[in-house]
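The values are calculated or read from the model by the stated rules, or taken from the named source; none is laboratory data. Since we're looking at a predicted model, the values are computed, not measured. In this analysis, Cβ positions are derived from the backbone assuming ideal geometry, glycine residues included, and neighbour counts consider all displayed protein chains. All accessible areas refer to the heavy atoms of the entire protein, side chains included, with ligands and DNA or RNA removed. Shrake-Rupley method; radii C 1.70, N 1.55, O 1.52, S 1.80 Å.
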Amino acid sequence: MTQATQITSRREQILQALALMLEEDSGKRITIAALARQVGVSEAALYRHFPSKARMFEGLISFIEETLFERISRILEEVHEAVPRCGQILVLLLAFAEKNPGLSRLLEGDVLTGETARLRLRIHQLFERVETQLKQVLREAELRERRRTVLPVSATANLLIAVAEGRISQYVRSDFQRRPTEHWDDQWALLSAQLMREPLTQSA
């Protein structure tokens, strides 16, 4: 194993340990000393890979961004109608949070209380990016499907992302007992039925 590979492996091990602590120590503040014990190294060894705890959180946020937006790109390639596209993007977000409880605390933002404002901004920007993608999908529906949203596009996209954020917040507040995907199929069926107007007819 090369030195570069060893460094990458150790960095990943540290981030995995941090994500696990976020899940298992819900509600507790993560300290460098506790993380070092979890990984089985000295605090000095942690700092050789990450200069601060904020950089560790940034590493996890980068992983979330890369994972979500790579899969969103795949959804856009494979699904062509607006409402199913929106539905799959939301399911992706909810299922990712459900499968990664520690990372859901980052998405919910509670674990970043008292941390640098840069981290909270990155989470805000992540959700803004997803909302912007939803807006684009809904706008394209008028061109591709000749359908318009019942509410303005911006309001519709904001409603969808707010629902997803709310489900993730419930998951974190319940100590991961209320799954984000619980009842989602029925809720999405009701919500999606109200999103779009009937196809526009061309004037004579």
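Accessible surface calculations at 1.4 Å, restricted to protein heavy atoms, place the chain at 55 Å² per residue. Each label point was placed 7 Å from the Cα along the Cα-to-Cβ direction; for residue 54 and residue 42 their separation is 2.6 nm.
Couplings 3J(HN,Hα) for segment 186-198, derived from phi with the Karplus relation 6.51 cos²θ - 1.76 cosθ + 1.60 (θ = phi - 60°), are 5, 5, 5, 4, 5, 5, 5, 5, 9, 6, 10, 7, 4 Hz, where x marks Gly and Pro. Per residue, the average separation of C-alpha pairs within less than 8 Å and at least 6 apart gives segment 76-204 a relative contact order of 34 percent.
Nonpolar atom fraction for the chain, defined as the carbon and sulfur part of the 1.4 Å probe accessible area, stands at 48 percent. A crude spin-label estimate for the pair residue 189 and residue 10, with each label 7 Å from Cα along the Cβ direction, gives 5.4 nm. For the options 68, 112, 151, a Gaussian network treatment of the chain with springs between C-alpha atoms closer than 10 Å singles out 151 as fluctuating the most.
What shape does segment 109-204 take by its C-alpha gyration tensor, where a ≥ b ≥ c are the square roots of the eigenvalues and a/c under 1.5 counts as rounded, a/b above b/c as prolate, and the rest as oblate? Oblate, because a/c is 1.5 or more while a/b does not exceed b/c. For the chain, the spherically averaged projection of the C-alpha convex hull amounts to 13.5 nm².
Using a probe of 1.4 Å, the accessible surface attributed to residue 66 totals some 120 Å² when neighbouring protein chains are kept in position.
May I ask you to give the average projected area over all directions of the convex hull of the Cα atoms of segment 21-86, in nm² rounded to one decimal? Mind dumping the intermediate values first?
On the way: hull surface 25.6 nm².
With every direction weighted equally, the projected area is 6.4 nm².
The string of couplings for segment 114-131 from the Karplus curve (6.51, -1.76, 1.60, θ = phi - 60°) is x, 8, 4, 4, 4, 5, 5, 5, 5, 5, 4, 5, 4, 5, 4, 5, 5, 4 Hz, one whole number per residue in order, with x for Gly and Pro. Here the label points at residue 28 and residue 116, each 7 Å from Cα along the C-beta direction, are separated by 2.5 nm in the simple model.
Running a GNM on the chain with Cα contacts under 10 Å, which residue among 164, 117, 54 ends up with the highest mean-square fluctuation? Looking only at 164, 117, 54, the biggest GNM fluctuation is shown by 117. For segment 128-204 versus segment 22-76, the inter-centroid distance based on Cα atoms is 30 Å. Counting only residues 5 or more places away or on other chains, whose amide H sits under 5 Å from the amide H of residue 196 once H atoms are built in the peptide plane? Here the answer is 150, since their amide H atoms fall under 5 Å of that of residue 196.
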